[in-house]
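Engineer: Encoded as structure tokens, here's the structure I'll be asking about.
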Amino acid sequence: MKLGFTSTDEAFRDEIAGWLAEHLLGEFEHIRYRGGPGDEHAYFRERRAWEQAMAAGGWIGVGWPEDMGGRGYSLEQQVIFHEEYARAGGPGRVGHIGEGLVGPILITHGSRWQQQRFLPGILSGEELWCQGYSEPGAGSDLSNISTRAVYDAGKDNWSITGHKTWTSLAHEAEWCFVLARTDPASRGRHGLGFFLVEMQQRAITVRPIMQLTGTSEFNEVFLDQAICASEQLVGEPGQGWEIAMALLGFERGVSTLGQQMMFQNQLNQIITVARRNGATADSQIRQRLAQAHIGLKIMRYNAMRTLSGNMVDGSLNRAAMISKLYWSIWHRELGNLAMDVLGPEAEVAAAQPYELTPLQSLFLFTRADTIYGGTNQIQRNIIAERSLGLPREPRMTG
Amino acid sequence: MDFSFSENQQIIAESAADYLAKVSGTAAVRAAMETPGGFDVATWQDISSEMCWQLTHIPEAHDGLGLGYVELCILLEQMGRNLLCAPFFSTVCLGVNALLLAGTDEQKHHLLKAVAQDGTRLAMACAGPGRHWGNEAVTVEYETTSSGVLLNGVYAHVIDGQTADYIVLAARRAGTRGNQGIGLFVVAADHAGIQREALPCMDQTRRQARISCTNLELDAEATMRNVGHAGPLLEQVLSLASIGMAAEQLGVAEKVLELTVDYIKERKQFGRPVGSFQALKHKAADMLLQAESARSAVYYAACIADEALRSGPLASELHESASIARAYCSDAAFVNAAEALQMHGGAGFTWDFDVHLYLKRAKASQHYFGDGAWHRERIARILLGETA
Ligand SMILES: Cc1cc2nc3c(=O)[nH]c(=O)nc-3n(C[C@H](O)[C@H](O)[C@H](O)COP(=O)(O)OP(=O)(O)OC[C@H]3O[C@@H](n4cnc5c(N)ncnc54)[C@H](O)[C@@H]3O)c2cc1C
């Protein structure tokens, strides 16, 4: 066991910190700490420009292999990159779905053509992606998807029809990866395909859904015979589930340590409030602040274990299995603590008619952390069945 | 950065698990619980002379093995899992640590050698009666006399105090409070002026004694370093002990999860294993989260303990990491044991099933060296920059 990083890694830390300090200025100064879950609507145009500035600096895809246009950084270096980015208050990345999910899945499962067509757009920050999994009838039970894809042999393309929902950033993205049924007779995990679909076409309608924050970052997406060229199907028809699951595996990656740095920024903000308004004299608040600090430290140690050990070979160890359940509970409680530290002040919003303060947004948006990406109940099912080997829930038939 | 066990550490863990399965299975634990001293003397002799576990983190210069606190915590985790009844924790986590940090060269030379060669048992007496922890809990007072010091007062809950050969005593200069005026002394347990009374304990796997000092006269030989200013040393010893106890608690948190999963896979009601009911599966998943997070907290703190013992760059994190580990592991062990009992149904309430032994150990462990709230308050002071 060895804590801390090598001197080469620390030199790299200085490099990225230096670059950020030089570039998060001027037109980008005011987007520091903005964006990200709950604040995704903020300064979207500026953050798109920032994504391209990052691309120009060569900071997108740092963990991708070099022959795919990435920089082939070690795990440690990727961790440092994400930590420094969050420490500097780097804005929520508008390209995170492309960089974190689509890129990795195309690198492992995509065709040569798909890699050449789609990776450059992600690396240049010019093409944004969204995730078209959930449907009105397929939430936790994702395999219950009913969106259909029909192959037209004459045109050699697919025609996709269905209704996706909760699609984050669909109103901004150029591309969407869509899980759809290629075999109309199939059910459940069989007969699905994984499609790369262009959003700019008449057959696709995006309707924003207003969230409890009064803002919209997710949408309903209606596909009415949307066209998808045959080379934009990843893998084979019927392989969709396998690919969709492989992609979800990337969600538990190195970026968690960067996410924790963002959490640290939020906790620091709450401590500042507590110092200012005297909440630090309240023994219950003191206990909860300490609890938050303890929880965040242990989240970091859990992530260090995940990254050091068995993750390297791709197998999910126990520390990785609990990661989503752990951080979502912690973060949701942080939002709650923020309100309780503020006390009566917590009520007052930033402006008319309904502009929320950052801590109010934190409180409200963290209610979603325990829902998206697999609800906490689903996480517990998975942990109980896969890590502990407890019997599966019987499925109703009919 | 590498936060995983080395191959050697893996081997230590596996061989400790194998060994303890032999000497500290249920039957052995229950037999030891019935003995007057609370442990099997032959097993202790075997552990101290054959396995030499008490030497793990003692430097080679003092006849130790010169391994680290991580290795020690690996052993303690296994002892917690097996509820080992032995004066190991008191000897090593309290006594040896006190000698390493506060012992004079002579005391180290003499006593660490005795621990190494003869399996000499150590204990540490610190807190007086009442609901206090840390330095504030020290109530026994010392006065300086022409020939040394004179101690008077009572230690309420001395782990393995009844069976120890030597005892480290924490006392304060008469009239001081808090961190002020602390002195540490080490003395043979049968010294005149020391009276020991074994206490009947709810957790029968770990014994306590009440120790009274009545005009206990000690000379320079018994006096440890920085007398009158040993508050920081005592705090360090207690943090090291806390990390060791957190490792035991990790073992408890994991073991009760395993017992429970095995049980609910087998036990059938309503025509199906009760472990297929989501109400139980979700509790089991939460127990896994607690146990895995406890593991991360313990081994991070163990790395920091090594830094502290070797004055490494992260040494200043000792108290923080100890309190993080203890606040988390105290709860994790107790909550997991309590859920384990519930998930065993009526069987969990019986004497014959082992769950109650873990529940009792977990509850007792919450109240040594600071309960969860005490450790969280210590963290709050660090977090808010209120430490002196
Ligand atoms: C902010 C946000 C952003 C999102 N972004 C996207 C996106 O970009 N793309 C996308 O495809 N999806 C997205 N989602 C959708 C998200 O993945 C789903 O909301 C989630 O999987 C839950 O599905 P559901 O909403 O249909 O809830 P349901 O599945 O209807 O769940 C309702 C309740 O039942 C419980 N439940 C369901 N099944 C079980 C079970 N087997 N055992 C125990 N309890 C159960 C759930 O835990 C929950 O409490 C987003 C969601 C949110 C909130």
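The values are calculated or read from the model by the stated rules, or taken from the named source; none is laboratory data. As the structure is a prediction and not an experimental result, all values here were calculated from the model. Virtual Cβ from ideal backbone geometry, glycine too; neighbours counted across all protein chains shown. The protein model used for the area step is the full one, side chains on, heavy atoms only, and it has no ligands, DNA or RNA in it. Shrake-Rupley method; radii C 1.70, N 1.55, O 1.52, S 1.80 Å.
Engineer: Output the residues belonging to segment A:1-11 that are among the hydrophobic types (A, V, I, L, M, F, W, C) and within 16 Å of A:Leu307 (Cβ to Cβ).
Structural biologist: Initial filter on segment A:1-11 (among the hydrophobic types (A, V, I, L, M, F, W, C)): A:1, A:3, A:5, A:11.
If the condition is that a residue be among the hydrophobic types (A, V, I, L, M, F, W, C) and within 16 Å of A:Leu307 (Cβ to Cβ), then A:Met1, A:Leu3, A:Phe5 are the ones that fit.
Engineer: From A:Leu337, A:Leu388, A:Leu342, A:Leu362, which residue is under 22 Å from A:Ser168 (Cα atoms) and hydrophobic (A, V, I, L, M, F, W, C)?
Structural biologist: When all the criteria are applied, what remains is A:Leu362.
Engineer: Residue under question is A:Gln264, and the condition is that it be away from the ligand (no atom under 14 Å from the Cβ), within 14 Å of another protein chain (Cβ to nearest Cβ) and open to solvent by 50 Å² or more (accessible area, probe 1.4 Å); does it hold? Explain how you work it out, then say what you get.
Structural biologist: On the way: away from the ligand (no atom under 14 Å from the Cβ): yes; within 14 Å of another protein chain (Cβ to nearest Cβ): yes; open to solvent by 50 Å² or more (accessible area, probe 1.4 Å): yes.
Yes: the conditions hold for A:Gln264.
Engineer: Does A:His109 meet the test of being away from the ligand (no atom under 15 Å from the Cβ) and closer than 26 Å to A:Ser230 by Cβ? Working first, answer last.
Structural biologist: Numbers: away from the ligand (no atom under 15 Å from the Cβ): yes; closer than 26 Å to A:Ser230 by Cβ: yes.
The answer is yes for A:His109.
Engineer: Report whether or not A:Gly132 is away from the ligand (no atom under 14 Å from the Cβ) and buried (at least 19 other Cβ atoms within 10 Å of the Cβ).
Structural biologist: Values: away from the ligand (no atom under 14 Å from the Cβ): no; buried (at least 19 other Cβ atoms within 10 Å of the Cβ): yes.
In short, no.
Engineer: Going by the conditions given, is B:Lys265 more than 20 Å from B:Tyr368 (Cα to Cα), open to solvent by 50 Å² or more (accessible area, probe 1.4 Å) and within 16 Å of the ligand (Cβ to nearest atom)? Reasoning before the result, please.
Structural biologist: Values: more than 20 Å from B:Tyr368 (Cα to Cα): yes; open to solvent by 50 Å² or more (accessible area, probe 1.4 Å): yes; within 16 Å of the ligand (Cβ to nearest atom): no.
No, not satisfied.
Engineer: Continuing with this model, one more query. How many of the residues making up segment A:138-178 are open to solvent by less than 60 Å² (accessible area, probe 1.4 Å), more than 10 Å from the ligand (Cβ to nearest atom) and assigned to a strand (DSSP E or B)?
Structural biologist: Residues in segment A:138-178 being open to solvent by less than 60 Å² (accessible area, probe 1.4 Å), more than 10 Å from the ligand (Cβ to nearest atom) and assigned to a strand (DSSP E or B): 10 in total.
Engineer: So, in segment A:284-300, how many residues would count as being more than 8 Å from every other protein chain (Cβ to nearest Cβ) and more than 24 Å from the chain's Cα centre (by Cα)?
Structural biologist: The total comes to 3.
Engineer: Which of the residues that make up segment A:255-289 are under 21 Å from B:Arg295 (Cβ atoms) and aliphatic (A, V, I, L, M)?
Structural biologist: Correct list: A:Leu257 only.
Engineer: Continuing with this model, one more query. Please report, ordered by residue number, the helices (runs of 4 or more DSSP H) entirely within segment B:31-108 with at least 3 residues that are within 14 Å of another protein chain (Cβ to nearest Cβ) and either touching a residue at least 60 places away in the same chain (Cβ under 8 Å) or among the basic types (Lys, Arg) (or both). Quick ask: steps written out before the conclusion?
Structural biologist: Working: elements: B:41-45, B:69-82, B:97-102.
The qualifying helices (runs of 4 or more DSSP H) are B:69-82.
Engineer: While we're looking at this one, here's another question. Here are some conditions: (1) within 15 Å of the ligand (Cβ to nearest atom); (2) in contact with a Leu (Cβ under 9 Å, 6 or more places away or on another chain); (3) in contact (Cβ under 8 Å) with a residue 12 or more places away in the chain. A:Asp183 meets all but one. Which one does it not meet?
Structural biologist: (1)
Engineer: Give segment A:45-84 a look and list any residue that's within 26 Å of A:Pro358 (Cβ to Cβ) and open to solvent by 20 Å² or more (accessible area, probe 1.4 Å), or say none.
Structural biologist: Correct list: A:Arg45, A:Glu46, A:Arg48, A:Ala49, A:Gln52, A:Ala53, A:His82.
Engineer: Also, quick follow-up: Tally up the residues in segment B:274-327 that are away from the ligand (no atom under 16 Å from the Cβ) and among the basic types (Lys, Arg), please.
Structural biologist: Step one: filter segment B:274-327 for residues away from the ligand (no atom under 16 Å from the Cβ), giving B:274, B:287-327.
Restricting the remaining residues to those that are among the basic types (Lys, Arg) gives B:295, B:310, B:326.
So the answer is 3.
Engineer: Also, quick follow-up: Out of segment B:14-28, which residues are assigned to a helix (DSSP H, G or I) and over 18 Å from the mean Cα position of the chain (by Cα)? Don't jump to the end; show me each part of the working.
Structural biologist: Step one: of segment B:14-28, the residues assigned to a helix (DSSP H, G or I) are B:14-23, B:26-28.
Result: B:Glu14, B:Ser15, B:Ala17, B:Asp18, B:Tyr19, B:Ala21, B:Lys22, B:Val23, B:Thr26, B:Ala27, B:Ala28.
Engineer: Same structure again: Show the residue pairs meeting these rules: Cβ distance below 6 Å; 6+ apart or different chains; first residue within segment B:1-29 and surrounded by fewer than 18 Cβ atoms within 10 Å (Cβ to Cβ); second residue among the charged types (D, E, K, R) and not in a helix (DSSP H, G or I).
Structural biologist: Short answer, once both residue conditions are applied: B:Asp2/A:Lys2; B:Thr26/B:Asp354.
Engineer: What are the pairs, 6+ residues apart or on separate chains, where a residue within segment A:124-146 that is modelled with pLDDT of 95 or more has its Cβ under 7 Å from a residue that is more than 8 Å from the ligand (Cβ to nearest atom) and of a type in the set (Val, Ile, Thr)?
Structural biologist: Final answer for the pair search is A:Gly125/A:Ile60; A:Leu128/A:Val94; A:Trp129/A:Val102; A:Gly132/A:Val178; A:Gly132/A:Val221; A:Glu135/A:Ile145; A:Glu135/A:Thr147; A:Ala138/A:Ile145.
Engineer: Any chance segment A:119-126 includes a residue that's within 16 Å of the ligand (Cβ to nearest atom) and open to solvent by less than 40 Å² (accessible area, probe 1.4 Å)? Explain how you work it out, then say what you get.
Structural biologist: First, the residues of segment A:119-126 that are within 16 Å of the ligand (Cβ to nearest atom): none.
No: zero hits.
Engineer: Quick check, is A:Ala320 away from the ligand (no atom under 16 Å from the Cβ) and more than 8 Å from every other protein chain (Cβ to nearest Cβ)?
Structural biologist: On the way: away from the ligand (no atom under 16 Å from the Cβ): yes; more than 8 Å from every other protein chain (Cβ to nearest Cβ): yes.
Against the criterion (away from the ligand (no atom under 16 Å from the Cβ) and more than 8 Å from every other protein chain (Cβ to nearest Cβ)), A:Ala320 qualifies.
Engineer: Then there's this: Name the pairs whose Cβ atoms lie under 6 Å apart, with the first residue in segment A:207-219 and of a type in the set (S, T, N, Q), the second in a loop (DSSP other than H, G, I, E, B) and open to solvent by 80 Å² or more (accessible area, probe 1.4 Å), and 6 or more positions between them or separate chains?
Structural biologist: Here the result reads A:Thr215/A:His41; A:Ser216/A:Met210; A:Asn219/A:His171, each pair linking segment A:207-219 to a residue that is in a loop (DSSP other than H, G, I, E, B) and open to solvent by 80 Å² or more (accessible area, probe 1.4 Å).
Engineer: Next up: Residues to consider are B:Ser311, B:Ser316, B:Ser330; find the one that is open to solvent by less than 10 Å² (accessible area, probe 1.4 Å) and assigned by TED's automatic domain parsing to the domain that holds B:Ser242.
Structural biologist: Numbers: B:Ser311 fails: open to solvent by less than 10 Å² (accessible area, probe 1.4 Å); B:Ser316 fails: open to solvent by less than 10 Å² (accessible area, probe 1.4 Å).
Of B:Ser311, B:Ser316, B:Ser330, the one residue that is open to solvent by less than 10 Å² (accessible area, probe 1.4 Å) and assigned by TED's automatic domain parsing to the domain that holds B:Ser242 is B:Ser330.
Engineer: I'd like the full set of residues that are touching a helix residue (DSSP H, G or I) at 6+ places or on another chain (Cβ under 6 Å), more than 21 Å from B:Pro273 (Cβ to Cβ) and open to solvent by 40 Å² or more (accessible area, probe 1.4 Å), limited to segment B:340-360.
Structural biologist: Hit for segment B:340-360 is B:Leu359, nothing else.
Engineer: Tell me the residue from A:Arg395, A:Arg386, A:Arg367 that is assigned to a loop (DSSP other than H, G, I, E, B) and within 16 Å of the ligand (Cβ to nearest atom), please. Step through it out loud before you land on a result.
Structural biologist: On the way: A:Arg386 fails: assigned to a loop (DSSP other than H, G, I, E, B); A:Arg367 fails: assigned to a loop (DSSP other than H, G, I, E, B).
Just a single option satisfies the conditions, and that option is A:Arg395.
Engineer: Looking only at residues that are within 14 Å of the ligand (Cβ to nearest atom) and away from every other protein chain (no Cβ under 14 Å) in segment A:326-361, which one is farthest from A:Tyr133 (Cα to Cα)?
Structural biologist: Let us first name the residues in segment A:326-361 that are within 14 Å of the ligand (Cβ to nearest atom), namely A:328-329, A:331-332, A:335, A:361.
Adding the requirement that they be away from every other protein chain (no Cβ under 14 Å) leaves A:331-332, A:335, A:361.
Working: A:His331: 24, A:Arg332: 24, A:Gly335: 27, A:Ser361: 25 Å.
Step by step, filter segment A:326-361, then rank; the result is A:Gly335.
Engineer: Restricting attention to segment B:228-262, which residues are open to solvent by less than 60 Å² (accessible area, probe 1.4 Å) and out of contact with any helix residue (DSSP H, G or I) (no Cβ under 7 Å at 6 or more places or on another chain)?
Structural biologist: First, pick out the residues of segment B:228-262 that are open to solvent by less than 60 Å² (accessible area, probe 1.4 Å): B:228, B:230-231, B:233-235, B:237-257, B:259-261.
Passing the criteria: only B:Gly228.
Engineer: Would you confirm, using the coordinates I've provided, whether A:Gly98 is part of a helix (DSSP H, G or I) and within 19 Å of the chain's Cα centre (by Cα)? I'd like the intermediate steps shown before the answer.
Structural biologist: Working: part of a helix (DSSP H, G or I): yes; within 19 Å of the chain's Cα centre (by Cα): yes.
Against the criterion (part of a helix (DSSP H, G or I) and within 19 Å of the chain's Cα centre (by Cα)), A:Gly98 qualifies.
Engineer: Condition first: in contact (Cβ under 8 Å) with a residue 24 or more places away in the chain, closer than 15 Å to B:Met245 by Cβ and at the interface with chain A (Cβ under 8 Å from one of its Cβ atoms). Can you find one or more residues in segment B:274-285 that meet it?
Structural biologist: Checked against the condition, which is being in contact (Cβ under 8 Å) with a residue 24 or more places away in the chain, closer than 15 Å to B:Met245 by Cβ and at the interface with chain A (Cβ under 8 Å from one of its Cβ atoms), segment B:274-285 yields no hits at all.
Engineer: Within segment A:1-51, count every residue that is of a type in the set (A, V, I, L, M, F, W, C) and either within 14 Å of another protein chain (Cβ to nearest Cβ) or in contact with a Pro (Cβ under 8 Å, 6 or more places away or on another chain) (or both). Walk me through it before giving the result.
Structural biologist: Of the residues in segment A:1-51, the ones of a type in the set (A, V, I, L, M, F, W, C) are A:1, A:3, A:5, A:11-12, A:16-17, A:19-21, A:24-25, A:28, A:31, A:42, A:44, A:49-50.
With the extra rule that they be either within 14 Å of another protein chain (Cβ to nearest Cβ) or in contact with a Pro (Cβ under 8 Å, 6 or more places away or on another chain) (or both), the set shrinks to A:1, A:3, A:5, A:12, A:28, A:31, A:50.
Qualifying residue count, segment A:1-51: 7.
Engineer: Let me ask something additional. Against the condition closer than 27 Å to A:Ile371 by Cβ, surrounded by fewer than 24 Cβ atoms within 10 Å (Cβ to Cβ) and more than 10 Å from the ligand (Cβ to nearest atom), how does A:Ile97 come out, does it pass?
Structural biologist: Values: closer than 27 Å to A:Ile371 by Cβ: yes; surrounded by fewer than 24 Cβ atoms within 10 Å (Cβ to Cβ): yes; more than 10 Å from the ligand (Cβ to nearest atom): no.
No, not satisfied.
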